[in-house]
Amino acid sequence: MGQPIKKITPPPSSYCAFVSDLPLDHPHRLHHDHVHGYAVTGDNELFARLVLEINQAGLSWLTILKKEANFREAYDGFDVAAVASYGEQEKRRLLNDAGIIRNRLKVEAAIHNARVIRELQQRHGSFRAWLDLHHPLSREEWTKLFRKTFRFTGGEIVNEFMMSTGYLPGAHVKECPVYEMALKTEPAWSAGLGR
């Protein structure tokens, strides 16, 4: 994971402020310091983030972070091609897996969205290329596009997905030391900063 991130005092009401007093090994702190807002290049990881955000709906993010390893195992490491090939047997397996969120609509959305991503890969080369093709869009425009393209993608899910993967700004406040670390990964939103 690299060096621990020093304690910060960011503006209140930000994720950065929320995690600032948490231990360095807390799931929220690990996610904030090493994942949230960093550019994501691989389609499988983009798919993973989308599935995790969808599963968070109606639940706490901490619940999802604690179950993330279970999700990765249950969904074949979030391999898009593997999940796109799931049939009724795999769906039943997921709905009986106590290690993940056993919600029929969310499971079906994951499988459907994997199939959509496979189509996007065939047409555009990759899911990321499709995202890059539409960047930059506002939160509202991204939400409209995702609702038209995927299942179970409301405004909050899309906003968190796009921010988490570096397509929308706001993952970190400028006062947060992780802001500069995330910026070094060249998230899509930073393209206009002239760095």
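Listed here are the residues, each with its yes/no results for (1) over 22 Å from L52 (Cα atoms); (2) touching a helix residue (DSSP H, G or I) at 6+ places or on another chain (Cβ under 6 Å); (3) of a type in the set (V, I, T); (4) in contact (Cβ under 8 Å) with a residue 40 or more places away in the chain.
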| residue | (1), (2), (3), (4) |
| --- | --- |
| W142 | no, yes, no, no |
| R147 | no, no, no, no |
| T153 | no, yes, yes, yes |
| N159 | no, yes, no, no |
| T165 | no, yes, yes, yes |
| V173 | yes, yes, yes, yes |
| C176 | yes, yes, no, yes |
| W189 | no, no, no, yes |
| said: Any residue in the stretch 62-86 that is closer than 29 Å to L22 by Cα and of a type outside the set (A, V, I, L, M, F, W, C) sitting within a Cβ distance under 6 Å of a residue that is at pLDDT 95 or above and surrounded by fewer than 14 Cβ atoms within 10 Å (Cβ to Cβ)? List the pairs, counting only those 6 or more apart or interchain. | reply: N70/G99
| task | May I ask you to say which residue of M181, M162 is assigned to a helix (DSSP H, G or I) and within 18 Å of L46 (Cβ to Cβ)? | result | M162
| query | Which of the residues that make up the stretch 30-45 are surrounded by fewer than 22 Cβ atoms within 10 Å (Cβ to Cβ) and in a helix (DSSP H, G or I)? | reply | L30, H31, H34, N44, E45
| query | How many residues does the stretch 112-131 contain that are touching a residue at least 24 places away in the same chain (Cβ under 8 Å) and small (G, A, S)? | reply | 2
| Residue within the stretch 131-147 that is under 14 Å from the mean Cα position of the chain (by Cα), within 12 Å of A39 (Cβ to Cβ) and buried (at least 21 other Cβ atoms within 10 Å of the Cβ) present | yes
| request: Sort out which residues of the stretch 10-41 are under 30 Å from F127 (Cα atoms) and in contact (Cβ under 8 Å) with a residue 60 or more places away in the chain, and write them in order of number. | output: S14, Y15, C16, H32, D33, V35, H36, G37, Y38, A39, V40, T41
| field | Selected residue (only one of R128, R151 is buried (at least 19 other Cβ atoms within 10 Å of the Cβ) and either out of contact with any Phe, Trp or Tyr (no Cβ under 9 Å at 6 or more places or on another chain) or closer than 20 Å to D79 by Cα (or both)) | value | R128
| said: For the stretch 92-114, give me the residue count where each residue is farther than 24 Å from V158 by Cβ and charged (D, E, K, R). | reply: 3
| note | For A84, the lone unmet condition from (1) crowded, with 17+ Cβ neighbours inside 10 Å; (2) touching a Ser or Thr at 6+ places or on another chain (Cβ under 9 Å); (3) of a type in the set (G, A, S) is (2)
| query | Name the residues in the stretch 50-61 that are closer than 14 Å to V107 by Cα and either surrounded by fewer than 19 Cβ atoms within 10 Å (Cβ to Cβ) or touching a residue at least 40 places away in the same chain (Cβ under 8 Å) (or both), would you? | reply | L50, V51, E53, I54, N55, Q56, A57
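The values are calculated or read from the model by the stated rules, or taken from the named source; none is laboratory data. These numbers come from a predicted model, not from an experiment. Using ideal geometry, Cβ is built from the backbone for each residue, glycine included, and neighbour counts are taken over all protein chains shown.
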